[in-house]
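**Student:** The structure that follows is given in the form of structure tokens.
The values are calculated or read from the model by the stated rules, or taken from the named source; none is laboratory data. Predicted, not measured: the structure shown is a model, and the values here were computed from it. In this analysis, Cβ positions are derived from the backbone assuming ideal geometry, glycine residues included, and neighbour counts consider all displayed protein chains. Keep in mind that these areas ignore ligands, DNA and RNA; they rest on the heavy atoms of the full protein, side chains included. Shrake-Rupley method; radii C 1.70, N 1.55, O 1.52, S 1.80 Å.
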Amino acid sequence: MASNRTHHEFAVTGVRQTGMALAAAMIAWGMSALAYAQQPDEIAVRDWRALAIADVEAAYAAFAQEHPGYYDPANPGFRDQLEKARSGALALAERVSKPEDYSVVLDAFSSAFRDGHAVVFPTEAYSREAPETLRWPGFIANWRGSKMLVTRSASDHARLVGAEVISCDGQPIRDLVLRNVFSLRYRPDEPGQWWRRAHNLFLASSHSGFDLIGASLPATCLLQQANGKRIRHKLTWTDIPDEVSGSWYRESFIGETTPIGLSEPRPGLFLIGLPDFSPGAEGQAAYEVLFADLAARKDDLAGARAIFIDMRGNNGGSSTWPRQVAEHLWGEPFMTAAMDAYHADVRILWRNTPAVRAVVDTYANHPEIPERFRKSLTKLSLALAEAPDGTPLVLEPRDEENDRSQETPAPLMPHIPVYIASDGSCASSCNNGLDIFTRFPGARLIGAPSSADSTYLEVRVEPTGSGYAEMVLPMKIWVDRPARPGPADTYAPDIPVTSADWSTKTFLDLIERDVAASQAKLPRISD
């Protein structure tokens, strides 16, 4: 029998981390952070130029000493990337004149990698010294397919909702997004990043550093309303209201989120909410209820018209959660064989440093780690400890070789249509969730393209010595990871939701239409 192999990523995306990653990071901080930066008393605290230079050098040293890419035989260009990250950020640091510029320098360093698992970002200490202020023009616009649509607005801009933004200040909207949003941040080559990030064009941050990158806020935009009428709209930028800057703003690009759990919003159409793979105690309790409900309603699910797995708002954590959901739906034998076949050629190389070894030891002994993974983590810990001195990368031991001739058992409920929703922020273990759920034959994706992952995963977080920045450092390399089927190694939706309305009702309506078309042997949505 092939080994029950699940890759459990503990990702940081958007500066999120699991309790295990946090505990491990605390250990790593004490061991290695001091080696990477000057201490606070060596720098004038409000000399932001000096701070920026020191923290760029700290990040450079940490990436050289700890990032597995530095020794990756499949990526000989990594060291050049690192040198460009340092030189580009230092050139910008020389022009720092105010606190807000500091975060722009960190963005410049990170942008050389375009990898959410290799990032330097400001800490809360910095935010207290240089609080961020946000302004907006009274509306929110989001990327939907190949267009930017106004999705929400203040009451005095209601006429704009649903309109397409064609251009601003005479520049095509795509060019303006590339300049103002993607110059120093994010990954413009990925379709999902446009769905997730383009709205920042109409969110003015005091940390944008426009004076450093030669950008400016748009002043007048050309919009086309649903009836085809074009209007010119002058933008008035004001402080963004508190009620808009939180969940209201976030929901404009991810729609509604479905809480962790099982429900039946329409007869025979079951909804499984998976908004978070990095749950705290309350979320973990909700998962236990979900697993119990999936078991209790097994017969109902076997007679469902469709199952809708909703991962909107999910951007990573641990892939043990989607794996357990899939095992409840389709059976552990099917999922074990399917995932073993999917990962048959994968090898994992771990960066071998004292800090990484401390993190792995923490994982192996952490009470939240399921028992079935503890054995493999213990083997990994021993392999790292027993590696010869100076060995930069260590192969993760496998329980046994996968048996490629092993026939995959049939899944439970093979006739039930399954739809999986995600938004453009789906990365890391959210992408792993898509890997898992798409093992089911006939699964269809709905929503937006996912984000991409590099081959550098399993992160920890370390501060620089200044206390104003933290570094996200991956610890391992996936070798021969299966390629994802969409552009830029992402998942593309079978049913793109390109309307301004991303409510759950919209998704349920589209799913019901697609189910009906399938049953009537008609062309399905997006076919």
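**Student:** Among the residues of segment 464-477, how many are open to solvent by 10 Å² or more (accessible area, probe 1.4 Å) and either farther than 18 Å from A61 by Cα or not polar (S, T, N, Q) (or both)?
**Tutor:** Summing the residues that are open to solvent by 10 Å² or more (accessible area, probe 1.4 Å) and either farther than 18 Å from A61 by Cα or not polar (S, T, N, Q) (or both) in segment 464-477 gives 4.
**Student:** Quick test of your reading of the structure: S405 fulfils all but one of (1) of a type in the set (G, A, S); (2) at pLDDT 90 or above; (3) surrounded by fewer than 20 Cβ atoms within 10 Å (Cβ to Cβ). Name the failing condition by number.
**Tutor:** Checking S405 against (1) of a type in the set (G, A, S); (2) at pLDDT 90 or above; (3) surrounded by fewer than 20 Cβ atoms within 10 Å (Cβ to Cβ), the one that fails is (2).
**Student:** Same structure again: What are the residue pairs meeting all of these: first residue in segment 44-71, first residue within 28 Å of E100 (Cβ to Cβ), second residue among the acidic types (D, E) and buried (at least 20 other Cβ atoms within 10 Å of the Cβ), Cβ atoms under 7 Å, and 6 or more apart or on different chains?
**Tutor:** W48/D101; A62/E462
**Student:** Another question, if that's okay. Would you check which residues across segment 428-448 are in a loop (DSSP other than H, G, I, E, B) and open to solvent by 10 Å² or more (accessible area, probe 1.4 Å) and list them?
**Tutor:** T438, R439, P441, G442, A443, listed by residue number.
**Student:** Could you check segment 126-242 for strands (runs of 3 or more DSSP E) lying wholly inside it with 1 or more residues that are open to solvent by less than 10 Å² (accessible area, probe 1.4 Å) and β-branched (V, I, T)?
**Tutor:** The qualifying strands (runs of 3 or more DSSP E) are 139-144, 147-153, 164-168.
**Student:** Can you tell me which residue within segment 449-463, out of those that are assigned to a loop (DSSP other than H, G, I, E, B) and either in contact with a strand residue (DSSP E or B) (Cβ under 7 Å, 6 or more places away or on another chain) or aliphatic (A, V, I, L, M) (or both), is surrounded by the most Cβ atoms within 10 Å (Cβ to Cβ)?
**Tutor:** Only one residue fits best here, namely S450.
**Student:** Condition first: open to solvent by less than 30 Å² (accessible area, probe 1.4 Å) and more than 13 Å from I446 (Cα to Cα). Now tell me which residues in segment 483-499 satisfy that.
**Tutor:** R484, G486, T490
**Student:** Something else about it: Please go through segment 278-335 and give me each residue that is touching a His at 6+ places or on another chain (Cβ under 7 Å) and not hydrophobic (A, V, I, L, M, F, W, C), ordered by number.
**Tutor:** Correct list: S318, S319, T320.
**Student:** Looking at segment 87-98, which of its residues are buried (at least 18 other Cβ atoms within 10 Å of the Cβ) and over 12 Å from A54 (Cα atoms)?
**Tutor:** Scanning segment 87-98 gives L92, V96.
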